[in-house]
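Please treat every number below as a calculation from the coordinates, not as lab data. Predicted model, so just to flag it, every value in this text is computed and none were measured. Counting neighbours? That spans all protein chains shown, and the Cβs are built from the backbone with ideal geometry, glycine included.
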Protein chains: 2
Amino acid sequence: MHAAINDVKITSGLLGRVSKLVKEQVLPYQWDILNDVAKDAVPDHSIENFSVAEGNDEGYPSHCIANFKIAAGREKGDFYGMVFQDSDLAKWLEAVAYRLMSDPDEELEKIVDDTVDLIGEAQQEDGYLNTYFTIKEPENRFTNLCECHELYCAGHMMEAAVAYYRATGKDKLLKIMCRMADLIDQNFGPEENKRHGYPGHEEIELALVKMYEATNEERYLKLAKYFIDERGKKPYYFDIEFEKRNHASHFSYLYPPYGMYSNGPKYEQYHLPIREQKSFEGHAVRCMYMASGAVDVARLTKDEGLMDTCRTLYQNMVQRRMYVTGGIGSTPKAEMFTSDYDLPNDMVYGETCASVGMMFFTKRLLEAEQKGDYADTMERALYNTCLAGMSLDGKSFFYVNPLEVDPIISKENPDRAHVLPVRPAWFGCACCPPNLSRMITSLAEYIYTIKENQIYVNLYVPDQAIIHLENKTIELETVTDYPYEGLIKFNLKTAGEYEICLRIPAWSSNKWSIMVNGEKVQTEVKDGFAHLKRAWNTGDTILLELDFEPKRVYANPKVSKDVGKVAIQCGPLVYCLEEVDNGKGLQRIYLPKDSELQLERRTDKLLGINEIHTKGYRLKELEDETVLYASDTNWEYEPVDLTYIPYYAWANRGENEMTVWVHEKA
Amino acid sequence: MHAAINDVKITSGLLGRVSKLVKEQVLPYQWDILNDVAKDAVPDHSIENFSVAEGNDEGYPSHCIANFKIAAGREKGDFYGMVFQDSDLAKWLEAVAYRLMSDPDEELEKIVDDTVDLIGEAQQEDGYLNTYFTIKEPENRFTNLCECHELYCAGHMMEAAVAYYRATGKDKLLKIMCRMADLIDQNFGPEENKRHGYPGHEEIELALVKMYEATNEERYLKLAKYFIDERGKKPYYFDIEFEKRNHASHFSYLYPPYGMYSNGPKYEQYHLPIREQKSFEGHAVRCMYMASGAVDVARLTKDEGLMDTCRTLYQNMVQRRMYVTGGIGSTPKAEMFTSDYDLPNDMVYGETCASVGMMFFTKRLLEAEQKGDYADTMERALYNTCLAGMSLDGKSFFYVNPLEVDPIISKENPDRAHVLPVRPAWFGCACCPPNLSRMITSLAEYIYTIKENQIYVNLYVPDQAIIHLENKTIELETVTDYPYEGLIKFNLKTAGEYEICLRIPAWSSNKWSIMVNGEKVQTEVKDGFAHLKRAWNTGDTILLELDFEPKRVYANPKVSKDVGKVAIQCGPLVYCLEEVDNGKGLQRIYLPKDSELQLERRTDKLLGINEIHTKGYRLKELEDETVLYASDTNWEYEPVDLTYIPYYAWANRGENEMTVWVHEKA
């Protein structure tokens, strides 16, 4: 089990700042957007050919609350937005619920209560809840699971319901969602009179597990398991429903002639039964949600075969299909995984939501089995792609997280139009911003995994925590400026015999030390965790020191786009070069193999970062501008001082070039 | 003026073989396809996500002749194919006409005559000729110039008409096309009662110039000039016609909501008046056709301003926007130019037609002014991208000509789906194969430019030529195995005072020699040509020796995708590595700066090539397959023997990896 949000107060540091920003700025801003009252939320149309994949139709605004009001009969009007527009509100509600756990706020709670009333009114007599179908196609409920996100939206609202119930004890939304879950349960299942389907976009599986854990209703777990088991069986359910609805397609404007359905079984992970899948295929976010639900079901039903599948999928991803920034998805087309080692830095998708999904997946894996590698991956996704998804001021968001950007090419080459050089304020398809919010507001859940009398520390965050062990509740304080220093001090405030398991990240596995009360201790590292078990006294301290030397990172040679290139990492942070610090022509920069990397603390820059300074070379522009190809190379290199900044902080100083991977000079 | 096709017999060598192949195999094969009787012309669907940009809809076959029969009232049925399907026949007829110039053939001529009869029957009372509009939308003639290729198809048929008239003296098709040209002239022009439009796809401009040269009808030249001058004036004609037809779009299935029109003014080069354009923008083929027509008009009207525009556009292209293979177009989206130095090797379009168009453009530039650089570019396009457009057996064709291919990525990554690893047999949008045919059958026109008493030799081809100088006709024989050797021998068969100007290619500018009758001569090189002027005797010989050492080629450092990489060229041929010769993992290969490049003649391989052998290294695969990123690099290099083949010969031995650019090891 993870520690509860209200038991862990993140006190300061980078994550403290980001959490505060989301709670105080981003959530109110997003509420305004959901209500169409945000003034500065005009989408950025600087790139004209903005990919349709982002759904950035001109038809801003959000209209999300308005849809609920129309469905509730409070207002007249038509549905507007994506077919999954409801989920924007659900994610926001869930994020607010987490915020209320750590920072109760009467005014905000009142807003939620009013919104729950609205949701209740939008619910149909039989429990059905989905504003799109209620307003637009009431006769077509559950006829297009492949494309229409009904179960997905239901899942998100279930997550919100459970979170709000846990935050406040109020069960109105939970009851609303129990009625919807019951309706879904009446409609789907192995029985002959039910539909033998599963969601096109996974999400409800993990949500039903949360509903089960909140209500103890076994049917919900059983239904989650059913969706996991049914997926990919032949004949394909999506073929059957496609025939039944006479080939009607919701997304045919995006993917003619048959909409999403035409992307093929891999897109929605129904190409094979889940247990036969060996690699994540198709839409990356869906993969993460599917796998998260699968781990939950495997853990609760003690299904070792399913767990093994999850391990296989995880390993294929982190060993072959993940960017160094923790981004996943190598193409904007269907936002999907492609093939092993195909990781183009300029064409990458690397959706923020997908990396948030990786955190969901790895958190669940850590609950199932305590392996440091899972937390390494979680941390990679969190500190790099996830944090890069939001600007430092919390007012703009990336959907796509590239590792190489040239603003001119993004403007002039439509293949790169999805690679924005600055964060837009909002998206027509607004999945990422509220997803980021609910992850950040629940960050406390990711820090500790509790297993009987063991405390596994997955992430090092300055916090004050109350941990409920099997037979004891203890208090623990973490003091650190991580990820900007490698020193982490734990102040133990409760005496007793229990085990503290500190993650030794792979990047620090060759160099780390632990001192207890000032004395160095030798400890065994097992599956990436150093285990400290003893009878602790109040006031004991543990000092963990990790390797905070900046490091060069190289990709597996099979990653063809990274051959001959080097990236820089320090602690969990991947670094990048930006034009504003290093001038134009980042793709002409060479970093010598032996050039010293110097860390400098810059509290004044980008809200406080560690910069890395080093010396490199830049292949000079030619004096003769008429030469495009030549054999007599008088190409010259000029020495340049290079300044690296953490990847998450890029694109906060205007439109400019950026790169993570740099040529290495032997 | 260029030498005429019937005056130049290409006797042997690479181009001789290709010419023979096109005449004897490809033209009959294409005739079968136009008539829907080809048996092995089933399109290759091995790549499922084959880009719609290629128009490879499932609806093969061609139906081209059938469309004419239906329009002529000979058969019942509906139009099928692209809106520009007529041009496939036109290009084929033009190619056949060129073939008949060098190799008369009664049977083939009969086929053409019959086809001309058919075309005549398909022509409408008032001279209108276009099977799409005649069959499908007779009421909508000339209402959608932006998208519907009416003037383009007319232009191609005019080229065929002129070619057939020149080949046989028969003027029936010429008269048909005069009537169509007259109709167009009645409909378009500066007068108030005419439409102030211009074609969406340029072509008719250069065709009208050919019509003018064949008929001396000044109106045709005037109309060509009108189309050139009108293009890009504001308010945009395409906006006006778009409003007039109530926003109807022909290609909305490809580019919703407004079809090609929505690609914006640059796509069809109407963003600015041509004279104000400084770089080629938009669809690469259109750019080449536009510029070809502009050079013609500039030459005939002595319009130095327009000629200057053509020079500027040419220079921008060859100095910033052209692949080393002579390919142009950096993206499959709209098959277009993007921005300076944006030349991705894997995402490239490099359409065969665009490089054929470069040959049209450079041939015209050479007729306007004799600068070797134009011929260098022509030769680069011809021997690399154009020849690569067709398989060695003449049975399959590339539309897209990549510089880097990984078949697995082409299959699994939809961004790369346009990059086919093997040539398909035919395309739904079949512009490239017949375009290649007409260029190859008219190759003789590209070899010599004649200017008063000067013979400019642009290309070195084994041939026997009759050259009509201002006051004299001379005979000339060229003996060479170029491009597989650098020795070119000219046997002069006619005495007299005239000037022979031999191109010294840029790649040979530092090392070349000329001997006349066995004695070395010193000659001036002016604008890339060595001038030999004297009173020649019958039996004189000139021996030109060019630099045939294989050479390393480097790109301008601003071409970010080629930084740190090297290509190999020998003579005009760019070389590449293929997996079948070099094993998997071509992107892990390093070529040392000083590794010797050894040329080997291989008459037995790929119908006869020069291979290049050298020694390099390959970054080895890791033994530990679980590593994706690591700091402790035990990355190893293994020595490998490398075998390069000419780029044009790639993809003739099954599906495999290929690359032109290779990492350089310092």
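Table for the structure above
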item: For the protein assembly as shown, with +1 on Lys and Arg beta carbons and -1 on Asp and Glu, the positive-most of A:Ser437, A:Val37, B:Ile645 along the dipole; result: B:Ile645
item: Set of lysines with alpha-carbon distance to B:Lys511 below 24 Å, sequence-local pairs under 8 removed; result: B:Lys371, B:Lys489, B:Lys520, B:Lys526, B:Lys533, B:Lys551, B:Lys593
item: Inter-copy label distances at A:Glu191 (7 Å, Cα→Cβ; nm, one decimal); result: 8.2
item: Contour excess over end-to-end distance, with Cα ends at B:Leu300 and B:Ala495 and 0.36 nm allotted per residue; result: 67.0 nm
item: Loop trypsin sites (Lys or Arg not before Pro), the stretch A:277-329 (other Cβ atoms within 10 Å of the site Cβ: 16 or fewer; DSSP); result: A:Lys278, A:Lys302
item: Per-copy distances of the A:Asn216 label point, shortest first, in nm (7 angstrom along Cα→Cβ); result: 10.6
item: Computed label-point distance, nm, for sites A:Asn6 and B:Asp393 using a 7 Å Cα→Cβ extension; result: 7.6 nm
item: The stretch B:273-446: translational diffusion in µm²/s, Stokes-Einstein, Kirkwood Rh over Cα pairs, 20 °C, 1.002 mPa s; result: 132 µm²/s
item: Segment B:His468-B:Lys593, length gained on full extension (0.36 nm per residue, minus Cα span); result: 40.2 nm
item: Virtual paramagnetic centre 7 Å along Cα→Cβ of B:Glu218, amide N under 14 Å, in the stretch B:289-331; result: B:301
item: Check: the stretch A:284-337 dipole with +1 on Lys, Arg Cβ and -1 on Asp, Glu Cβ, in debye; result: 180 debye
item: Other-copy label distances relative to B:Leu300, 7 angstrom Cα-Cβ extension, nm; result: 7.9
item: The stretch B:443-488 versus the stretch B:511-561: alpha-carbon centroid distance in Å; result: 14 Å
item: Cα-only radius of gyration and Dmax that characterise the protein assembly as shown, units Å; result: 34.4, 113
item: Set of the stretch B:315-331 residues, backbone N closer than 19 Å to the point 7 Å along the Cα-Cβ line of B:Glu369; result: B:315-320
item: Ranked A:His250, B:His156, A:His201, criterion: other C-beta atoms within 10 Å, fewest first; result: A:His250, A:His201, B:His156
item: By average C-beta atoms within 10 angstrom, highest first, the peptides B:100-108, B:524-532; result: B:524-532, B:100-108
item: Residue exposure sequence - A:Tyr647, B:Tyr554 - by fewest surrounding Cβ within 10 Å; result: B:Tyr554, A:Tyr647
item: Hull shadow area, averaged, chain B [alpha-carbon convex hull, nm²]; result: 30.0 nm²
item: Vicinal HN-Hα couplings computed from phi for the stretch A:577-589 (Karplus, 6.51 cos²θ - 1.76 cosθ + 1.60; Hz; Gly/Pro x); result: 9, 10, 4, 4, 8, 10, x, 6, x, 5, 6, 9, 8
item: Net charge dipole size for chain B [Lys, Arg +1 and Asp, Glu -1 on Cβ; Debye, nearest 20]; result: 1200 debye
item: The stretch A:412-512: GluC sites (Glu not before Pro) falling in loop per DSSP and having at most 13 other Cβ within 10 Å; result: A:Glu452, A:Glu470
item: Charge dipole of the protein assembly as shown about the Cα centre (unit charges at C-beta), most positive-ward option of B:Leu118, A:Ala291, B:Leu487; result: B:Leu487
item: Cα centroid separation - the stretch A:610-666 against the stretch A:139-211, whole Å; result: 51 Å
item: Computed [θ] at 222 nm, helices only, for chain A once each DSSP H run of length n ≥ 4 contributes -39500 (n - 2.57); result: -10000 deg cm²/dmol
item: Packing-based exposure ordering (other Cβ within 10 Å, fewest first) of B:Lys533, A:Lys91, A:Lys558; result: B:Lys533, A:Lys558, A:Lys91
